[in-house]
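Remarks on the structure that follows.
Readers should treat all values here as calculations from the given coordinates under stated rules, not as data from a laboratory. All of these numbers come straight from a predicted model, not from anything done at the bench. Here Cβ is always computed from backbone atoms with ideal geometry, including for glycine, and neighbour counts include all displayed protein chains.
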Amino acid sequence: MRRQNGFTLIELMIVIAIVALIASYGIPRFSSMVQNGRLSTQVNELQGLMQLARSEAVTNRVITRVCGSTDQTNCDTDEWELGAIVFRDQDGNGSASAAELVRIMPSASNGNTVRGAIGAISFLTDGTLAGGAMLRICDERGADNSRQVRLNTSGQSRISRGNAQGDVVCP
C-alpha cells in the first residue's frame, strides 16, 4: 500500500485562516508605522531647515529667513507643504533673489500638511528670533497624531507630538 504525501483540504484551510488572522492584525499596524515614518521624515527635514537658517544667520552675520513659498522667491503661503525656502535677506526686502537663496524645499507629495504663519521665520545675526514660532505637520489622522517643530526666542528648535496648544491647527 502506497502512502500519499501532502496536505489535506482541511489542513490547507486551517493554514489559510491562521494567515488571514495574522494579516488582519498586522496590516493596520504596518500602515500606522508608515504614516509615522512619513511624519518623522517631514519633521526632520523642517527642523534641518531651521538649523541651517540659524547657522547661516550666525556664520554670515545677516538676517536669514525661512518661509513657505510657492514660487521660490516670495513668502506667500502658510501651506508649507507647497514648498519652502531659506534665504539670506541681505537687502532687507523680505523676498529672495537668486543670489540670496540658500536652500529650496520642494513641495511634499505624501499628502501631509505643514502649517505655519504666513510670512517668514527670521533668524537675527546672533541666531535668535524676535518671537517664538511653530510649524505643525499633520496627516489624515488629525491633530492627535500631529508633530510640531517649535522654535524658542533663542532660535533653538524642538519637536513635540500630539495636539499641543498653539494657534496653528490641522486642516
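In the list (1) 1.53; (2) 0.99; (3) 1.06, the label attached to Cα Rg over 2.2 N^0.38 Å as derived from the coordinates here is (1). Helix 9-60 axis versus longest C-alpha principal axis of the chain: approximately 10°, rounded to the nearest ten. FRET efficiency for the pair Asn36 and Thr125, taken as 1/(1 + (r/R0)^6) with r the Cβ-Cβ distance and R0 = 30 Å, rounds to 0.20.
So, R0 is 41 Å and r is the distance between the beta-carbons of Leu52 and Arg29; what FRET efficiency does that work out to, to 0.05?
Numbers: r = 35 Å, r/R0 = 0.85.
About 0.75, to the nearest 0.05.
Put a dot 7 Å past the Cα of Glu11, heading toward its Cβ, do the same for Ala98, and the two dots end up 7.2 nm apart. Give the distance, in whole Å, between the Cα centre of region 1-38 and the Cα centre of region 130-162. When both Cα centres are located, 40 Å separates them.
Highest average first, the peptides 37-48, 2-13 ordered by how many other beta carbon atoms sit within 10 Å of their residues are 37-48, 2-13. With a cut-off of 8 Å between alpha carbons and a minimum separation of six or more residues, what is the relative contact order of region 9-161 in percent? Result for region 9-161 is 21 percent.
Each stretch of four or more DSSP H residues adds -39500 (n - 2.57); spread over every residue of the chain, this sum gives -11500 deg cm²/dmol at 222 nm.
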